[in-house]
Amino acid sequence: MGETQRIVPKLSEKAFLRLRKKFKTDAAIARHFGVSRERIRQIRNRLGIKSNWDIKRELSVTINDLSEKGVSRYDIAQQLKISYYAVKYALTGH
């Protein structure tokens, strides 16, 4: 007999984003549904939702661009609604 196929419910973008907020990663969402991380990645891509890695990379680029324009770390944090320490880490790595 073949493998039992796990079913992932049809997810809207809004539902997927709620799951991401709760579980944080594709891997954690996959464990919740008992499917592979790759399957969750496929669903995320079909919905047009960026990966956490892509979001962090874009945020890092934005932080660096603002810093190069002379915007202070404090002002960057306020503008992007993130912590000062997240800005500091993005710029220095520690």
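The values are calculated or read from the model by the stated rules, or taken from the named source; none is laboratory data. As the structure is a computational prediction, the values presented were derived from the model and not from experiment. Ideal geometry is used to build each Cβ from the backbone, glycine not excepted, and the neighbour counts take in all protein chains shown.
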(request) Report yes if Thr92 is farther than 30 Å from Val8 by Cα and loosely packed, with under 13 Cβ neighbours inside 10 Å, otherwise no. (result) yes
(request) Could you please let me know if Thr62 is at pLDDT 95 or above and not acidic (Asp, Glu)? (result) yes
(message) Can you list residue pairs whose Cβ atoms sit under 7 Å apart, with the first residue in the range 20-36 being within 16 Å of Lys10 (Cα to Cα) and among the small types (Gly, Ala, Ser) and the second being in a helix (DSSP H, G or I) and at pLDDT 95 or above? Count only pairs 6 or more apart in sequence or on different chains.
(response) none
(request) Count, please, the residues in the range 46-61 that happen to be over 11 Å from the mean Cα position of the chain (by Cα), small (Gly, Ala, Ser) and surrounded by 11 or more Cβ atoms within 10 Å (Cβ to Cβ). (result) 1
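Residues being assigned to a helix (DSSP H, G or I) and in contact with a helix residue (DSSP H, G or I) (Cβ under 8 Å, 6 or more places away or on another chain): count how many of those fall in the range 4-30. Even if it seems obvious, please write down each step before you answer.
Here is the first cut: in the range 4-30, the ones assigned to a helix (DSSP H, G or I) are 13-23, 26-30.
Narrowing the set further to residues that are in contact with a helix residue (DSSP H, G or I) (Cβ under 8 Å, 6 or more places away or on another chain) leaves 13, 16, 19-20, 23, 26-27, 29-30.
Residues flagged as assigned to a helix (DSSP H, G or I) and in contact with a helix residue (DSSP H, G or I) (Cβ under 8 Å, 6 or more places away or on another chain) within the range 4-30 amount to 9.
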(message) Just to verify a result, which residue in the range 10-22, among those that are modelled with pLDDT of 90 or more and surrounded by 16 or more Cβ atoms within 10 Å (Cβ to Cβ), is nearest to Ala90 (Cα to Cα)?
(response) Arg20
